[in-house]
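A.B. asks: I have a structure I would like to understand better, so I am pasting it below and will then ask my questions one at a time.
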Amino acid sequence: MRKNLGAKTAVYPMPVFMIGTYDAFGTANLMNAAWGGIAEDKEISICVSDNHKTTRNILMTGAFTVSMATADYVKECDYLGLVSGDDVPNKVEKCGFHATKSEFVNAPLIDELPMAIECEVISYDSKTCRLHGRIVNISADESVLTDGKIDPKKLRPITYDSFNHHYLVLGEVVGNAFSDGKAIR
């Protein structure tokens with residue numbers, strides 16, 4: 001029997017996106033955001049309110065990166081969601097992360113987070129808090145690749161469980177997309 005839980009911000013998996021930007025002084029900023037996903041073939045959409053330093057940086061530079069939070073850096077990624085760059089301008093360094101400028105967009109890649117989506121702004125709607133970006137490049141450290149492809153078992157991306165306020169690790173293969181369903185035909 002089902003139980004009605006009401007309207008909630010719950011979907012599984014809910015990605016834990018780490019949004020990277022530069023401020024006017026070239027200081028790297030990183031924010032933890034969970035409400036987002038792929039919007040089109042080469043587009044990403046994220047809900048981020050206009051009161052964040054990250055949003056102001058994005059609108060100023062026209063660019064951002066989205067790194068996948070990983071199980072190896074849960075504490076650091078959580079911290080970056082708890083503290084504002086307005087209050088702690090060096091929060092990236094404080095948690096031990098290092099930034100390298102993307103070759104493709106005016107935004108930082110975080111050395112410790114091995115996968116990043118490098119984006120240019122398409123639009124931002126302050127009423128809906130919807131940031132829409134064009135994916136320019138995806139970069140990944142060789143340590144998370146198998147046969148030239150990102151290997152989730154090596155990447156160990158985390159998902160946010162909004163019901164229980166937990167982070168869960170992804171990576172177990174349970175089937176083959178565009179293949180297993182053929183057995184039902």
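A.B. asks: Within the range 158-167, is there a residue that is over 23 Å from Lys101 (Cα atoms), open to solvent by 70 Å² or more (accessible area, probe 1.4 Å), of a type in the set (Val, Ile, Thr) and in contact with a strand residue (DSSP E or B) (Cβ under 9 Å, 6 or more places away or on another chain)?
C.D. replies: no
A.B. asks: Continuing with the same structure: Looking for whichever is more than 20 Å from Pro157 (Cβ to Cβ) and either part of a helix (DSSP H, G or I) or of a type in the set (Ser, Thr, Tyr) (or both) here; the options are Glu93, Glu76. Which one fits?
C.D. replies: None of the other options fit; the residue is Glu93.
A.B. asks: Of the residues that make up the range 26-35, is at least one under 23 Å from Glu93 (Cα atoms) and exposed (fewer than 12 other Cβ atoms within 10 Å of the Cβ)?
C.D. replies: So far as the range 26-35 goes, yes, one or more of its residues are under 23 Å from Glu93 (Cα atoms) and exposed (fewer than 12 other Cβ atoms within 10 Å of the Cβ).
A quick yes/no check of all residues on (1) charged (D, E, K, R); (2) within 17 Å of the chain's Cα centre (by Cα); (3) under 30 Å from Leu5 (Cβ atoms):
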residue	(1), (2), (3)
Val88	no, no, no
Lys94	yes, no, no
Val105	no, yes, no
Ile110	no, yes, no
Ser143	no, no, no
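A.B. asks: Hey, does the range 51-72 have a residue that's open to solvent by 50 Å² or more (accessible area, probe 1.4 Å), modelled with pLDDT under 95 and either within 14 Å of the chain's Cα centre (by Cα) or of a type in the set (Ser, Thr, Tyr) (or both)?
C.D. replies: no
A.B. asks: Also, I was wondering about something else. Tell me whether the range 39-47 contains one or more residues that are crowded, with 20+ Cβ neighbours inside 10 Å, in contact with a Pro (Cβ under 7 Å, 6 or more places away or on another chain) and either touching a residue at least 12 places away in the same chain (Cβ under 8 Å) or not in a strand (DSSP E or B) (or both).
C.D. replies: Looking through the range 39-47, none of the residues is crowded, with 20+ Cβ neighbours inside 10 Å, in contact with a Pro (Cβ under 7 Å, 6 or more places away or on another chain) and either touching a residue at least 12 places away in the same chain (Cβ under 8 Å) or not in a strand (DSSP E or B) (or both).
A.B. asks: For residues that are within 15 Å of Phe17 (Cα to Cα) and not charged (D, E, K, R), scanning just the range 78-91, find the one that is surrounded by the fewest Cβ atoms within 10 Å (Cβ to Cβ).
C.D. replies: Leu82
A.B. asks: For the range 128-177, give me every one of the strands (runs of 3 or more DSSP E) that falls completely inside it and has 3 or more residues that are of a type in the set (A, V, I, L, M).
C.D. replies: Those strands (runs of 3 or more DSSP E) span 130-140.
A.B. asks: Scan the range 168-185 residue by residue and report those that are closer than 22 Å to Leu113 by Cα and open to solvent by less than 90 Å² (accessible area, probe 1.4 Å).
C.D. replies: Passing the criteria: Leu168, Val169, Leu170, Gly171.
A.B. asks: In contact (Cβ under 8 Å) with a residue 12 or more places away in the chain, open to solvent by 60 Å² or more (accessible area, probe 1.4 Å), under 19 Å from Ala34 (Cα atoms) and not basic (Lys, Arg): is that true of Asp125 in this structure?
C.D. replies: It is false that Asp125 is in contact (Cβ under 8 Å) with a residue 12 or more places away in the chain, open to solvent by 60 Å² or more (accessible area, probe 1.4 Å), under 19 Å from Ala34 (Cα atoms) and not basic (Lys, Arg).
The values are calculated or read from the model by the stated rules, or taken from the named source; none is laboratory data. Fair warning: this is a prediction, and the values are worked out from it, not measured in the lab. Neighbour counts are summed over all protein chains in view; Cβ atoms, including those assigned to glycine, are modelled from backbone coordinates with ideal geometry. When the accessible area is computed, the model is the full protein with side chains, heavy atoms only, and any ligands, DNA or RNA have been set aside. Shrake-Rupley method; radii C 1.70, N 1.55, O 1.52, S 1.80 Å.
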